[in-house]
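The values are calculated or read from the model by the stated rules, or taken from the named source; none is laboratory data. Since this is a predicted model, take the numbers as computed values, not measurements. Glycine also receives a Cβ, built like all others from the backbone with ideal geometry; neighbour counts cover every protein chain displayed. With ligands, DNA and RNA removed, areas are computed over all heavy atoms of the protein, side chains included. Shrake-Rupley method; radii C 1.70, N 1.55, O 1.52, S 1.80 Å.
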Amino acid sequence: MASVDIQDVRKSYGQLETIKGVSVDVPDGAFVVLVGPSGCGKSTLLRMIAGLEDISGGTISIGGRVINDVEPKHRDIAMVFQNYALYPHMTIAENMGFSLRLARRPKDEVDKRVREVAAILGLADYLDRYPRQLSGGQRQRVAMGRAIVRSPQVFLFDEPLSNLDAKLRVQMRAELKDIHARLKTTTIYVTHDQIEAMTMADRIVVMRDGIVEQVGAPLDLYDRPNNTFVASFIGSPAMNLLDGALCEDMRSVSVGNGMRLPFAGSVPASGRVTYGIRPEHLHLVQGTDGFEAVATSVEPTGSETFIQARIGEQAIAAQIRDRVAVRTGDVIHLRAMADKAHLFDAETGRRLG
């Protein structure tokens, strides 16, 4: 195992700079997820760690050794891709043991290691089969097994679950977490799915346009996003972000139509702000207690109800932990939990307070 140290790393294609000075420390044995929208640079950064892309600037170190100019095969990393990349003419055992055979390890050692890893991944009964005879989830396990048998210092995962259906993705997330808990190998995982990031990571690195917006533990990012981008990207459903003006009492924000939404604490600001409140921190109340909104969509799921509504010209979503008798077009009253509200600078999007 080893730590990964990324310092002021840059990547340019001619005049186009796609990675703009990224610095991230990945502790030994950590499970770190790079997350962000398509085109943010997360896969490019992973490929630079793997040696599949040249580094235009900065340094990447694994276990204290700078590997900028080290060949991929000498970096002691193993990478798992989203398309499995299995050899169709080889059995599962042959696929998993391929790298060890290339390294000219003894056959007994290769067979033993493949059987050990197959047992961990639930593949012991499939070693004589071919990839075409397995399901998508099983093939992804084989791809992971091929990486695990090498006992590398670092695992790199590039959106490995994106080709699986929703139910299988949930199952594989749990299996990946379990495998990491057993092996404790440093892992860097790329995804655009923030649910994967929240449920799997020790630390999340949120990227946008080639820069790092925030690094932290999943719940730290959820509870204290640095800016409106992180606030809207982390969490499902997304945080409500409403344009408003700080009221004279410095304890509420006017969001139009005479509606005031409360917040706790004090902020060094005045004038225009962005008020953030997560859908689960809004409660449906009776009468005029709370603020008024018009329901535009009601989605009951059994255990809870999602309500899309409007306050004047602004949209707001509420996640009610119950079944409620609300229909589209109804005037409803919602109460915001003041101690769960967030304020951001209207111009820069940066967190206030």
(request) Select the strands (runs of 3 or more DSSP E) contained entirely in region 258-353, then report the ones holding at least 3 residues which are out of contact with any His (no Cβ under 9 Å at 6 or more places or on another chain) and free of Cβ contacts under 8 Å to residues at least 60 places away in the same chain. (result) 291-300, 305-311, 331-336
(request) Determine whether Glu280 is open to solvent by 40 Å² or more (accessible area, probe 1.4 Å) and either touching a Phe, Trp or Tyr at 6+ places or on another chain (Cβ under 6 Å) or closer than 20 Å to His342 by Cα (or both). (result) no
(request) Sort out which residues of region 183-197 are open to solvent by 10 Å² or more (accessible area, probe 1.4 Å) and in contact with a Gly (Cβ under 8 Å, 6 or more places away or on another chain), and write them in order of number. (result) Lys184, Thr185, His192, Gln194
(message) Whether any residue in region 172-191 is at pLDDT below 95, touching a Ser or Thr at 6+ places or on another chain (Cβ under 7 Å) and either acidic (Asp, Glu) or over 15 Å from Val26 (Cβ atoms) (or both) is what I want to check.
(response) yes
(request) Return only the number of the condition from (1) in contact (Cβ under 8 Å) with a residue 60 or more places away in the chain; (2) assigned to a loop (DSSP other than H, G, I, E, B); (3) open to solvent by 60 Å² or more (accessible area, probe 1.4 Å) that Glu17 does not satisfy. (result) (2)
(request) Output the number of residues of region 104-144 satisfying the condition of being open to solvent by 60 Å² or more (accessible area, probe 1.4 Å) and either among the polar types (S, T, N, Q) or outside any helix (DSSP H, G or I) (or both). (result) 7
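A quick yes/no check of all residues on (1) open to solvent by 30 Å² or more (accessible area, probe 1.4 Å); (2) over 33 Å from the mean Cα position of the chain (by Cα):
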position: Ala264; (1), (2): yes, no
position: Gly271; (1), (2): yes, yes
position: Thr274; (1), (2): no, no
position: Glu292; (1), (2): yes, yes
position: Gln319; (1), (2): no, no
(request) Among what's in region 47-103 and is part of a loop (DSSP other than H, G, I, E, B), polar (S, T, N, Q) and within 11 Å of Ala143 (Cα to Cα), pick the residue that is least open to solvent (accessible area, probe 1.4 Å). (result) Gln82
(message) Which count do you get for residues in region 198-219 that are open to solvent by 40 Å² or more (accessible area, probe 1.4 Å) and part of a helix (DSSP H, G or I)?
(response) 3
(request) Just name the residue that is nearest to His333 (Cα to Cα) out of those in region 220-254 that are open to solvent by less than 10 Å² (accessible area, probe 1.4 Å) and of a type in the set (Val, Ile, Thr). (result) Val253
